[in-house]
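The next block holds one structure in the form of structure tokens; read it before the comments.
The values are calculated or read from the model by the stated rules, or taken from the named source; none is laboratory data. All values reported here derive from a predicted model rather than from experimental measurement. Neighbour counts are summed over all protein chains in view; Cβ atoms, including those assigned to glycine, are modelled from backbone coordinates with ideal geometry.
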Amino acid sequence: MVTKRLLEVAEKTVQLALKHKVDQVQAAVFFTDSALTRYANSQIHQNVASKKGGVLIKAVIGKKVGTLRINSLEDKQIEDATTKVVKIAKVTPPNKDFKSLPEPSKWTPIKGVFDKKTAECTPDFRAEKVKDAIDTALSKSRLVKAVAGSFSTDSFAFAVANSLGVSAWAEISATSLQTTVISQSKGSLGYGSAEQHSRRIKDIDPLKVSSEATEKSVKSLNPKKIPIGEYTVVLSPRAAATLFMFLGYIGFSATSYQDGQSFVKYNLGKKVFDEKLDLKDDPKDAKTLYSFPVDGEGVPKKKMQLIEKGKVSAKSICHDSFTAGKEKGMKSTGHALPPIFGFYGRPMPFNVLVASESSSVEEMVQETKHGIFVTRFHYTNPVEPTKAILTGLTRDGTFLIEKGEITKPVMNLRYTDSMLSALKAIPMIGKEVEIVEEIPTPAMKLEKLRFTGITQY
Amino acid sequence: MFLTTAPIYTLLNSIDRLYALKGEKRRMSLDLERKGLDEAIKAGASYADIRIGEILDEHLTVKNGVPEEVNLLQTKGFGIRVMAKGAWGFAASIDLTNKEVMEIARKAVAIAKASAKTKKKAATLKKASAKKAKYSTPMKKDPFKIPLEEKMRALTDAERILAKQSPLIKVSYAFFRSLQEKKLFMSTEGAEIQQQINWGGGGILAVAIKNGEVQRRSYPSSFRGNFATSGYEFFESLKLAQHAKQVGKEAVQLLEAEKCPSTTTDLIITGDQLALQIHESCGHPTELDRALGMEADYAGTSFLTPDKLSKLRYGSKNVNIVADATVRGGLGTFGYDDEGTPAKKIYLVNEGMFVGYQSSRETAASLKLKESSGGMRADSPMALPLIRMTNINLLPSDWKAEEVLKDTREGILMQTNRSWSIDDRRLNFQFGTEIGWKIKNGSREKMIKNPTYTGITPEFWGSCDAVSKDDWMMWGTPNCGKGVPGQVMYVGHGCGTARFRKTKVGLIQ
């Protein structure tokens, strides 16, 4: 069992560091085994596999904190690293905001989140599935010009130990298939895409993914230019997920909140969103992929209600031990990033889920007089975090809705809008939650989204 | 297996030690890499290359008077890229042992053979002469030999000045980063290239907040400052503390400034923002893998398709853009790319015409180009090289920055990036900057906040009528993302100040 060995390494690292007379020490050890088969122009063009691992060590002397990460699991390298991290801590100025590494807390593993078949998937299996995806698209329409995408299989494991007695671990598997289909007709190019994510490879269905992408691609040919302005929008789960991913990123980290750069800080207790909107962060929900029971400090991950009936509160804020230590009576909510994500950055919700309601996408379209259907957003970025203003573009299937029907493809549009405004009126939320990588989300209809620009395709 | 220690091979194959070893031991060290390549050939590869590397990456941040980040990242590993049955395979590991190198070589070949199942056209490489060479970034002071206390003191001094400018400055930062990469590239064609790349830099950031409104000012640029291939002397040259007072004051002044008007006007962009404009609207669309559809599933394609090469007017005659991996200090400067092609300078846009692509040996062969532009780079030895920007530079013309301002009757000047977004074919873009000024009759009339502008790439560059020379410098972008799995590359952009006529500004009100 990989996690058992990782925990041994973590505990040994802590003991090695303690020999240097530090006050506290933490070691987070990780191992990832990833493979990804990528295709473009209807053939595999990149096909990679890598095994990575390492140790993230934090040494504390008084209020001096040094951190070192080595991407190696060799004994000698780890031993050298413990010496080096203590040297770093010794010469680091004191951090008056640092209180302590976390004390141990009771936690329980999450069952059924590691699938051996996914972790051990072969390149031949991935190639066969990719071939299915490509062949399906090409067989669906003679207008298909090229099929692109990627098929990944991963296993992630980490273990954390600290000198106060923390001892925790986690292991998951994950797989995803993404397909983009480009079609061509008389000088016009159409784009469509679809994707599927799971922790079990048996769930991946290239025929379904490819069929959906192909249908969108062919329907996207010869898009029309429409005036920019405010439109009612029906967002696919994938498009909605992008908005909520950024909302989670800019709003609910304690670092942003404490710095005054989160919209949550200025809207405590207010109904800033539609009352149907319910957003939580829960690693134990079956639909979230990164189902780690503990965070990167070995603290049990707490289920968080980020948005409840459209309201945000101080209870929505995600903490690690450092940010919790800055507030009287606050404890870590278990949101330090796991070491597989790199250095400890700011605490973040990474098991965000949007609650479903009762509508179907067909009903959302039928009840829209004039609007736009969005398959996917591209290159979204925050413009102003305290107002939750985002900008980005539509991509891979943008359609006009007229009198309750999808009537024609439209050229891709740029939106620039405050989510505090766009998510204020959500007339309908879908009944099916789709796993879209980080954010399992249903489709939803927004009363209005402000489009500020248009592309030429 | 990955957790075990194999001291003998570890000793033999640490790239760090490779530099220090002499004679027999060094030959033994190189032998292992050759064995890996031989193993790949034995398993059925028609071509193979191996990259072994070691990266030291130091991040220091002082925030609100305390050291928020004192981090050192050490990465070591290797990757083997092979071609078999006309298709590609790549495998990598952190475990630098004889057994693992052989296993990874066989795995890469097995992956390539799986890739061949969908092969429609065999991959080919543009011929290149195999080099035996060495390259090191020129530097005076090794940043990893500078005491940590000294680096932290420089940050603390600058951050303290920022913070004391006003109680409205709620968050103040000072950043330092230094990266050293030692790498060895060998191929079955006989290449044997050792390189040591050093880059680093830093910056400061003040965040002023009043009544829920956030304004920020950075120096010398956003994204934690400016960075260059250099030693510690580049960080020293930034003189962060000397600029902290002005940066702090501007962040506070922005809270009371007028909003950027929503209008169409002449736009002057200073180098720190223009660098990102070049990056997004010229750098990415001239990557030949994008133009050939190889990034269609993720970052997208390019409006600069091969049929437009040497035919499309990209910009006005004032627009000359090169990819130049040889310019001293550029963040994308090196000796050889990660498939052994020597660093070079090529034109992408010449007097406004689209004339060139950034390419690899494979894509150059695909488009029957004369040679690779030398743009294949990976962000670690365990990552597959992709076509990445080197230094994408807008060449200067005869204007002085002050003359561009004086020559503008009415317009807006924007400085320092705050937000960015561009479509998947790199046509429709929108940028926001930290600060702007209304220009009237050739001078800065008043400061404006929340400036944004938008445009369509060839129309925008077509409206460029002035490019300055006197403030031309290299800007480093250390956070360029691309590829699946994602990689983050460090690239450079040389530019001064430029003016664009009749640009739409003020997108957020």
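Data for the structure
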quantity	calculated
Any hit, region A:435-449, residues being among the β-branched types (Val, Ile, Thr), touching a residue at least 12 places away in the same chain (Cβ under 8 Å) and within 14 Å of another protein chain (Cβ to nearest Cβ)	no
Where a residue in region A:37-54 is more than 18 Å from B:ALA299 (Cβ to Cβ) and more than 7 Å from every other protein chain (Cβ to nearest Cβ) and its partner, wherever it lies, is of a type in the set (Val, Ile, Thr) and in a loop (DSSP other than H, G, I, E, B), with Cβ under 9 Å and at least six apart	A:GLY54/B:ILE94
Single match in B:LYS182, B:LYS164 (criterion: surrounded by fewer than 24 Cβ atoms within 10 Å (Cβ to Cβ), touching a residue at least 40 places away in the same chain (Cβ under 8 Å) and closer than 30 Å to B:LYS127 by Cα)	B:LYS182
Residue within region A:81-89 that is modelled with pLDDT under 95 and assigned to a strand (DSSP E or B) present	no
Verdict on A:PHE114 being in contact (Cβ under 8 Å) with a residue 12 or more places away in the chain, surrounded by 17 or more Cβ atoms within 10 Å (Cβ to Cβ) and either touching a Ser or Thr at 6+ places or on another chain (Cβ under 6 Å) or not assigned by TED's automatic domain parsing to the domain that holds A:GLY53 (or both)	yes
Qualifying residue in region A:253-271 (condition: more than 14 Å from chain B (Cβ to nearest Cβ) and surrounded by 22 or more Cβ atoms within 10 Å (Cβ to Cβ))	no
Qualifying residue in region B:438-454 (condition: within 11 Å of chain A (Cβ to nearest Cβ) and surrounded by fewer than 20 Cβ atoms within 10 Å (Cβ to Cβ))	yes
Residue that is farthest from the chain's Cα centre (by Cα) [pool: residues in region A:205-254 that are free of Cβ contacts under 8 Å to residues at least 40 places away in the same chain and in a loop (DSSP other than H, G, I, E, B)]	A:PRO227
B:ALA251 being more than 20 Å from B:LYS140 (Cβ to Cβ) and either hydrophobic (A, V, I, L, M, F, W, C) or in contact with a Ser or Thr (Cβ under 6 Å, 6 or more places away or on another chain) (or both)	yes
Residue in region B:381-399 that is outside any loop (DSSP other than H, G, I, E, B) and free of Cβ contacts under 8 Å to residues at least 60 places away in the same chain present	no
Residue in region B:186-195 that is within 27 Å of B:GLY432 (Cβ to Cβ) and either touching a Leu at 6+ places or on another chain (Cβ under 8 Å) or modelled with pLDDT under 95 (or both) present	no
Region B:205-237 - residue that is in contact with a Gly (Cβ under 6 Å, 6 or more places away or on another chain) and among the hydrophobic types (A, V, I, L, M, F, W, C) and, of those, farthest from B:THR61 (Cα to Cα)	B:ILE209
Of all residues in region A:393-408 being within 18 Å of A:ALA240 (Cα to Cα) and either more than 14 Å from chain B (Cβ to nearest Cβ) or polar (S, T, N, Q) (or both), the one that is surrounded by the most Cβ atoms within 10 Å (Cβ to Cβ)	A:THR394
Qualifying residue in region B:183-193 (condition: out of contact with any helix residue (DSSP H, G or I) (no Cβ under 8 Å at 6 or more places or on another chain) and assigned to a strand (DSSP E or B))	yes
Segments classed as strands (runs of 3 or more DSSP E), wholly inside region B:23-120, with at least 2 members that are away from chain A (no Cβ under 12 Å), within 28 Å of the chain's Cα centre (by Cα) and farther than 30 Å from A:ASP259 by Cβ	B:47-63
Residue in region B:52-63 that is modelled with pLDDT under 80 and farther than 16 Å from B:ARG106 by Cβ present	no
Residue in region A:267-283 that is touching a Lys or Arg at 6+ places or on another chain (Cβ under 8 Å), under 23 Å from A:ASP154 (Cα atoms) and outside any strand (DSSP E or B) present	yes
So B:THR124, is it among the hydroxyl-bearing types (Ser, Thr, Tyr), within 14 Å of another protein chain (Cβ to nearest Cβ) and not in a helix (DSSP H, G or I)	yes
Residue selected from region A:345-376 under the condition surrounded by fewer than 24 Cβ atoms within 10 Å (Cβ to Cβ), within 14 Å of chain B (Cβ to nearest Cβ) and in contact (Cβ under 8 Å) with a residue 24 or more places away in the chain, by the criterion nearest to A:LYS276 (Cα to Cα)	A:THR375
Close pairs (7 angstrom Cβ cut-off, 6 or more residues apart or separate chains): on the phi > 0 side of the Ramachandran plot in region A:142-170, aromatic (Phe, Trp, Tyr) anywhere	A:GLY149/A:TYR39
Residue match in region A:65-76 (condition: within 30 Å of B:GLU295 (Cβ to Cβ) and under 33 Å from the mean Cα position of the chain (by Cα))	yes
Yes/no for B:VAL467 being assigned to a strand (DSSP E or B), within 11 Å of the chain's Cα centre (by Cα) and among the aliphatic types (A, V, I, L, M)	no
Close pairs (7 angstrom Cβ cut-off, 6 or more residues apart or separate chains): free of Cβ contacts under 8 Å to residues at least 12 places away in the same chain and farther than 11 Å from B:PHE500 by Cβ in region B:259-276, of a type in the set (Gly, Ala, Ser) and assigned to a strand (DSSP E or B) anywhere	none
Per-region count, region A:411-450, residues buried (at least 22 other Cβ atoms within 10 Å of the Cβ) and either small (Gly, Ala, Ser) or within 29 Å of B:LEU427 (Cβ to Cβ) (or both)	18
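Here is a yes/no grid of residues against (1) outside the structural domain of B:LEU312 (by TED's automatic domain parsing); (2) modelled with pLDDT of 95 or more; (3) closer than 30 Å to A:PRO385 by Cβ; (4) hydroxyl-bearing (Ser, Thr, Tyr):
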| residue | (1), (2), (3), (4) |
| --- | --- |
| B:THR416 | no, yes, yes, yes |
| B:GLU434 | no, yes, yes, no |
| B:ASN441 | no, yes, no, no |
| B:THR497 | no, yes, yes, yes |
